[in-house]
1. Say we look at the stretch 162-212 and pick out the residues that are under 14 Å from the mean Cα position of the chain (by Cα) and among the β-branched types (Val, Ile, Thr); which of these is nearest to ligand 2 (Cβ to nearest atom)?
2. Looking for something polar (S, T, N, Q), more than 9 Å from ligand 1 (Cβ to nearest atom), within 18 Å of Pro196 (Cα to Cα) and in contact with a Pro (Cβ under 7 Å, 6 or more places away or on another chain) - is there at least one such residue anywhere in the stretch 60-68?
3. Which residue is farthest from Lys83 (Cα to Cα), if the candidates are limited to the stretch 9-36 and must be out of contact with any helix residue (DSSP H, G or I) (no Cβ under 7 Å at 6 or more places or on another chain) and within 16 Å of ligand 2 (Cβ to nearest atom)?
4. Here is a check on your reading of the model: is Val49 among the aliphatic types (A, V, I, L, M), at pLDDT 95 or above and farther than 20 Å from Tyr226 by Cα?
5. Considering only residues that are farther than 15 Å from Val87 by Cα and either touching a residue at least 60 places away in the same chain (Cβ under 8 Å) or touching a Cys at 6+ places or on another chain (Cβ under 6 Å) (or both), which ones fall in the stretch 128-160?
6. Among (1) under 29 Å from Leu7 (Cβ atoms); (2) part of a strand (DSSP E or B), there is one condition Asp75 misses while meeting the rest; what is its number?
7. If you go through the stretch 132-142 one residue at a time, do you hit one that is within 25 Å of Asp203 (Cβ to Cβ) and of a type outside the set (D, E, K, R)?
8. Name the single residue, out of those in the stretch 118-142 being among the aliphatic types (A, V, I, L, M) and more than 25 Å from Asp160 (Cα to Cα), that is surrounded by the most Cβ atoms within 10 Å (Cβ to Cβ).
Amino acid sequence: MEIREQLYQGKAKRVFATDDESLVLVDYGDDATAGNGAKKGTIVGKGAVNNRMTNMLMQQLAAKGVPNHFVRELDDRRTLVRKVQIVPLEVIVRNIAAGSLSARLGLEEGAVLARPVIEFCYKDDALGDPMVNDDHILAIGAATAEELAAIRRMALQVNDFLRERMAGAGIELVDFKLEFGRTPDGEVILADEISPDTCRFWDSKTHAHLDKDLFRRDLGGAEEAYQEVLRRLMAQD
Ligand code: ADP
Ligand code: UDP
């Protein structure tokens with residue numbers, strides 16, 4: 001396998017073409033941003049944690065029947081994945097109120113939601129990823145009704161799996177963000193990452209943050225927390 005040109009420089013990962021047109025290489029870095037790039041910094045070791053954790057979870061999700069882009073881990077930061085056309089939506093699933101939901105609805109952080117909530121944001125950095133509903137999504141053609149139904153179903157499947165998986169590691173799954181993509185034959189599969197960058201994890205006993213909120217809110221200890229989440233998950237396997 002030969003690595004070719006860089007296709008995309010993201011805020012946390014770089015994407016490279018390979019000599020296989022159906023695959024891309026994802027390279028996870030330590031750069032951290034928050035507030036749509038307004039705050040910038042580094043979380044040392046985060047790239048390796050996010051790569052390994054995403055790959056472990058993607059393989060377990062595939063076994064549970066959630067199709068996804070994972071193909072092969074190349075080393076501690078780089079992974080081969082199926083190339084997809086990303087559906088331009090951030091799919092957020094919430095179990096406990098936090099972050100922007102708490103602010104918007106005046107809910108105390110930590111309030112348990114009576115049922116999981118799915119939210120969609122339209123992926124557009126220039127617009128600040130505005131929240132959209134099903135009508136907007138269909139009206140602007142961001143996804144079809146069939147795709148949206150599949151995305152909702154898979155998002156809830158990921159939530160069921162991940163909640164239980166994290167609970168086993170003594171971690172509460174507060175909320176998380178997923179991205180989906182279309183394969184060349186039109187199937188919608190789970191893509192991108194599942195990591196402390198994209199999930200809120202709280203210690204089940206102390207409710208301590210074990211995720212990117214440590215960086216966003218300048219609480220300190222992000223490096224250690226990322227390692228701790230991976231360590232606890234690996235100890236379970
Ligand atoms: P951002 O674009 O928000 O800065 P990243 O730094 O994580 O985010 O960049 C990774 C990019 O790769 C994202 O735009 C993501 O949508 C995209 N991506 C994730 N998985 C795949 C895939 N399987 N095929 C193509 N693109 C992908
Ligand atoms: N999230 C993400 N990328 C984004 C926005 C949100 O991964 O661009 C994740 C975030 O880590 C959290 C969940 O989505 O787990 C919900 O985030 P929220 O809407 O509360 O946003 P925030 O408080 O970060 O503005």
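1. Result: Thr198.
2. no
3. It comes out as Gly35.
4. So Val49 fails the test.
5. Hits for the stretch 128-160 are Gly128, Leu156, Gln157, Val158, Asn159.
6. (2)
7. There is no residue in the stretch 132-142 that is within 25 Å of Asp203 (Cβ to Cβ) and of a type outside the set (D, E, K, R).
8. That would be Ala142.
The values are calculated or read from the model by the stated rules, or taken from the named source; none is laboratory data. Owing to the predicted nature of the structure, the values given are computational and were not obtained by experimental measurement. Cβ atoms come from the backbone with ideal geometry, glycine included; neighbour counts cover every protein chain shown.
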